[in-house]
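Undergrad: What follows is a structure written as structure tokens; I'll ask about it next.
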Amino acid sequence: MIFVPLPFVVALILLLLALRLVRGAEGGRPHALFLALILAYAVQSVLVGLRWGYDIRAVQPFQALLASFIAPLAYAAFRSLAEDDAQRPARLWPHLLLPPLTVAALFLWQPAPIGPVIVTLFLAYGGALGWLARRGPDGLIGARLDGTLRSYRALVLTAAALIGSALTDMLISLDLDVSGGRYTPAMIASFNMLALLVLGAAAAAADSAAPDREAPPAPLAAPDEAAANPDQKRTAPEGTPSDESAQDAAILAALGTLMAERRLYTEIDLDLGRLARRLALPARRLSQAINRTHGISVSHYVNDLRVAEAQRLLAGTDLPVTRVMLDAGFLTKSNFNREFRRVTGTSPTAWRRERAPS
């Protein structure tokens, strides 16, 4: 019987995840950084299988180089969801280039510190992702609002997995020094492969909540204003009172007017950054106003409006539930059902059936 190491099975699962994203199983295009991240995990899993399944030591340099690329790539992918404009890659390229180049240089001149350098990279970027997560779901202003919570959970999971991988590498180094590597294969099978699988699933989840970056931005002004002055931005009234609650009320009033006039909540790719730009406000300021006034996140605020729209369509039309889901602004059935149940306590199908005439 042919021996197939567990890492190869993990690599196959990751490739299937990548294929699912490329095919657009949940609509839209795959986010390039998250797709690259899943493929990097798959290649690393194959390299681990070759090294520890077949004892091919020649792959070790490639393992180290790819490991030095994976941690910063994970950071860059999630950081792109925290940027107001994800089309600004300049600040991310140094993260993607410097660590691999450093490791490559060490291979040529001084290979001894490569292991500690990679462990440090995983700890540093895991910590950076954890620091990014401190902002909460609303910190991911570039994530689609119907999938912000999923992206945030993926962010936290990735931060924990990177730090856990670094700690596991420390244990592996200790085992190699103390027992000659007696327990190393078991540790790799029990944690590193699980970590790669979890990281791949997290990247896929975050990718499916990332909007299509190729979609052109919607106009910033309301239809009547755009016709009169196409260069004018719609601005939220800041008000003259210094009282914070008065300013929050003014922002929420402007937001409510914008939602009523433009029905922005029905835009599937709506994110916090785009919504804030419509009001000419910093994303954090809009988030604070909603949090303080309603005690909920921006995603819950928008999804509440979407659920109300879905209720109107379910009660007043014969549209299929899937069409209602899309018309209300949801992209996936899982998010639609979860948010609908959060608001109403029941599923869309049951809610419609309960209100059907006898």
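Undergrad: Between a first residue in the range 8-21 that is among the aromatic types (Phe, Trp, Tyr) and a second residue that is open to solvent by 20 Å² or more (accessible area, probe 1.4 Å), which pairs have beta carbons less than 7 Å apart while being 6 or more apart in sequence or on different chains?
TA: Every condition considered, the pairs that remain are 8/46.
Undergrad: What residue, among those in the range 55-98 that are over 26 Å from residue 134 (Cα atoms) and not in a helix (DSSP H, G or I), is modelled with the lowest pLDDT?
TA: Only one residue fits best here, namely 55.
Undergrad: How many of the residues in the range 254-277 are without any contact (Cβ under 8 Å) to a residue 24 or more places away in the chain and crowded, with 20+ Cβ neighbours inside 10 Å?
TA: The qualifying residues number 0.
Undergrad: Please find, among 315, 280, 310, the residue that is under 23 Å from residue 350 (Cα atoms) and open to solvent by 10 Å² or more (accessible area, probe 1.4 Å).
TA: 315 is the lone residue from the list that is under 23 Å from residue 350 (Cα atoms) and open to solvent by 10 Å² or more (accessible area, probe 1.4 Å).
Undergrad: Evaluate the following for residue 37: is it open to solvent by 70 Å² or more (accessible area, probe 1.4 Å), at pLDDT below 90 and in a helix (DSSP H, G or I)?
TA: No: the conditions fail for residue 37.
Undergrad: Take the residues of the range 283-307 that are surrounded by 15 or more Cβ atoms within 10 Å (Cβ to Cβ) and either of a type in the set (Asp, Glu) or not in a helix (DSSP H, G or I) (or both): which is modelled with the highest pLDDT?
TA: Filtering first and then ranking leaves 304.
Undergrad: May I pose another question? Looking for whichever is at pLDDT below 85, more than 30 Å from residue 276 (Cβ to Cβ), touching a Phe, Trp or Tyr at 6+ places or on another chain (Cβ under 8 Å) and of a type outside the set (Asp, Glu) here; the options are 188, 163, 172, 114. Which one fits?
TA: Step by step, each of 188, 163, 172, 114 is checked, and only 188 is at pLDDT below 85, more than 30 Å from residue 276 (Cβ to Cβ), touching a Phe, Trp or Tyr at 6+ places or on another chain (Cβ under 8 Å) and of a type outside the set (Asp, Glu).
Undergrad: Please verify whether residue 44 is among the polar types (S, T, N, Q) and modelled with pLDDT under 85, treating the condition exactly as stated.
TA: Considered against the rule, which asks whether it is among the polar types (S, T, N, Q) and modelled with pLDDT under 85, residue 44 comes out as no.
Undergrad: Moving to a separate point now. Residue 273 fails exactly one of the following numbered conditions: (1) assigned to a loop (DSSP other than H, G, I, E, B); (2) in contact with an Asp or Glu (Cβ under 8 Å, 6 or more places away or on another chain); (3) of a type in the set (Gly, Ala, Ser). What is the number of that condition?
TA: The one condition residue 273 does not meet is (1).
Undergrad: Among the numbered criteria (1) within 29 Å of residue 6 (Cβ to Cβ); (2) part of a helix (DSSP H, G or I), which single criterion is violated by residue 111?
TA: (2)
Undergrad: Here's something else I'd like to know. Assigned to a helix (DSSP H, G or I), charged (D, E, K, R) and either farther than 21 Å from residue 162 by Cα or open to solvent by 20 Å² or more (accessible area, probe 1.4 Å) (or both): does that describe residue 138?
TA: For residue 138, the condition - assigned to a helix (DSSP H, G or I), charged (D, E, K, R) and either farther than 21 Å from residue 162 by Cα or open to solvent by 20 Å² or more (accessible area, probe 1.4 Å) (or both) - is met.
Undergrad: What's the number of the condition residue 166 fails, among (1) under 13 Å from residue 81 (Cβ atoms); (2) open to solvent by less than 40 Å² (accessible area, probe 1.4 Å); (3) of a type outside the set (S, T, N, Q); (4) outside any loop (DSSP other than H, G, I, E, B)?
TA: Residue 166 satisfies every listed condition except (1).
Undergrad: Would you please list the contacts, defined by Cβ atoms under 8 Å and residues six or more apart or on different chains, that run from a residue in the range 156-168 that is over 19 Å from residue 134 (Cα atoms) to a residue that is small (Gly, Ala, Ser) and modelled with pLDDT under 90?
TA: Once the first residue is over 19 Å from residue 134 (Cα atoms) and sits in the range 156-168, its partners that are small (Gly, Ala, Ser) and modelled with pLDDT under 90 give 165/195; 168/195.
Undergrad: Name the single residue that is farthest from residue 145 (Cα to Cα) among those in the range 318-357 being assigned to a loop (DSSP other than H, G, I, E, B) and open to solvent by 60 Å² or more (accessible area, probe 1.4 Å).
TA: The qualifying residue farthest from residue 145 (Cα to Cα) is 357.
The values are calculated or read from the model by the stated rules, or taken from the named source; none is laboratory data. Quick caveat, the model's predicted, so the values are computed rather than measured. Glycine also receives a Cβ, built like all others from the backbone with ideal geometry; neighbour counts cover every protein chain displayed. Remember, those area values only see protein heavy atoms, side chains included, never the ligands or the DNA or RNA. Shrake-Rupley method; radii C 1.70, N 1.55, O 1.52, S 1.80 Å.
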